[in-house]
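Q: Please read through the structure below; I'll follow up with questions.
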Amino acid sequence: MASRSKFQDPGLILTVVLVMYSAFVFVWWPTDIYWLGISLVGWFMFIGLFFWFLLAIVYVLWIENIERKNDS
């Protein structure tokens, strides 16, 4: 089995995506923008819950795809 680059690891790639999303949320943190009475940061954090769940599904499917390719 050929050694894969660590930069192609799904966990590393999805962690970078999460860090970028978190950085985006923290850029908005000091602002005082409200939508429907809730801070924009609160909305970003709420949307982030669904985003993290989606990333978890993507990670599982990606790893299963890699393992399936390695088994064949």
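Q: I want to confirm something. Restricting to segment 21-72 and keeping residues that are hydroxyl-bearing (S, T, Y) and open to solvent by 60 Å² or more (accessible area, probe 1.4 Å), which single residue is nearest to D9 (Cα to Cα)? Before the answer, list the steps.
A: So the first thing to find is which residues in segment 21-72 are hydroxyl-bearing (S, T, Y), and the list is 21-22, 31, 34, 39, 59, 72.
Then keep just the ones that are open to solvent by 60 Å² or more (accessible area, probe 1.4 Å); that gives 34, 59, 72.
Values: Y34: 38, Y59: 10, S72: 19 Å.
Per the criteria, the residue is Y59.
Q: State whether the residues of segment 21-38 include one that is in a helix (DSSP H, G or I) and among the hydroxyl-bearing types (S, T, Y).
A: Yes, that holds for at least one residue.
Q: To continue, here is another question. Name the pairs: first residue in segment 37-49 and closer than 12 Å to Y21 by Cβ, second residue in a helix (DSSP H, G or I) and not hydroxyl-bearing (S, T, Y), Cβ to Cβ under 8 Å, at least 6 apart or on different chains?
A: Within 8 Å, the pairs are F44/F24; F44/V25; F44/W28; M45/V25; G48/V25.
The values are calculated or read from the model by the stated rules, or taken from the named source; none is laboratory data. On a predicted model such as this, the values are computed, not experimentally measured, just so you know. Note that each Cβ is placed from the backbone with ideal geometry, even for glycine, and that neighbours are counted across all protein chains shown. Remember, those area values only see protein heavy atoms, side chains included, never the ligands or the DNA or RNA. Shrake-Rupley method; radii C 1.70, N 1.55, O 1.52, S 1.80 Å.
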